Amino acid sequence: MEKLIYVLWRDPRSEAADFHRRLREEVAPQLLERGARGLVLNLADEAARGAAPEFHACVPAMEAFVSVWLDSACRAMRQPFDAVLGSLGGRVASYVVSESEAVRNTRFPTPPGERTPGFVQIAMFRRPPRVAREAWLDIWLESHTQVAIDTQDTFLYTQNVVGRALGFDSPRYDAIVEEGYPPAVHGDLRAFFDAPGDEAKCLHNQALMGESCARFIDFDKLDVVQTSQYVLKSAGG
């Protein structure tokens, strides 16, 4: 089984609310009908707006992410899914990824199709040329993982290593990260850094996180988007 992450940009002629509604009410059922083994929507909607700072190396910013699990990401098996997502009329990029769940969501179990409490931050970045790939993977997946867990209040932390981009116009990314934060974090930077009401701890954790990220991320090539998450079907069953 393989995981694909589709990155979507809205057709500017359509309204954001309608774009997100169509993804939930029209597109998601079609993807399930076509045999998706797992399906998660992450929508940069009004409910997630202002939840935490964003970064946009890619302009215009992406507005939705669709994770689909298939038996195979070969062209013949993914084409029906490509067609459904392409029918929205906006730009679509897609990536085959290798998923690692450093933190599984056990704090906020949510019925299928309902909005996961809080918000999910999607971060997309490249490997800096100054860091060899094996060293980059070791820093990110082995060293940085615990720093991220220790310095932030996250209930979900998924690291996706990009294996290949699909489509000639997909922007280059080497990593896609999904991090879930509880409702109390929305708009509160101290809570984001697991330091509610404690400015000194917030600054300490923020500095540790920034220093760790700088080892393997060029911030001018970083995209960070806050989203509402909808798990339509868990890949684990």
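The values are calculated or read from the model by the stated rules, or taken from the named source; none is laboratory data. Quantities reported herein were computed from a predicted structural model and do not represent experimental measurements. Virtual Cβ from ideal backbone geometry, glycine too; neighbours counted across all protein chains shown. These area figures cover heavy atoms from the full protein model, side chains too; ligands, DNA and RNA do not enter into them. Shrake-Rupley method; radii C 1.70, N 1.55, O 1.52, S 1.80 Å.
General remarks:
- Across the range 1-42, the number of residues qualifying as open to solvent by 20 Å² or more (accessible area, probe 1.4 Å) and over 15 Å from Ser72 (Cα atoms) comes to 18.
- Any chance Ser234 is more than 13 Å from the chain's Cα centre (by Cα) and of a type in the set (Ser, Thr, Tyr): yes
- Taken over the range 43-57, the residue count meeting the criterion of being in contact (Cβ under 8 Å) with a residue 40 or more places away in the chain, assigned to a helix (DSSP H, G or I) and either open to solvent by 20 Å² or more (accessible area, probe 1.4 Å) or over 23 Å from Gln121 (Cα atoms) (or both) is 1.
- Single match in Ile149, Ile176 (criterion: within 24 Å of Asn205 (Cα to Cα) and either among the hydroxyl-bearing types (Ser, Thr, Tyr) or touching a strand residue (DSSP E or B) at 6+ places or on another chain (Cβ under 6 Å) (or both)): Ile176
- Condition check for Pro60: part of a loop (DSSP other than H, G, I, E, B), modelled with pLDDT under 95 and over 24 Å from Ala191 (Cα atoms): yes
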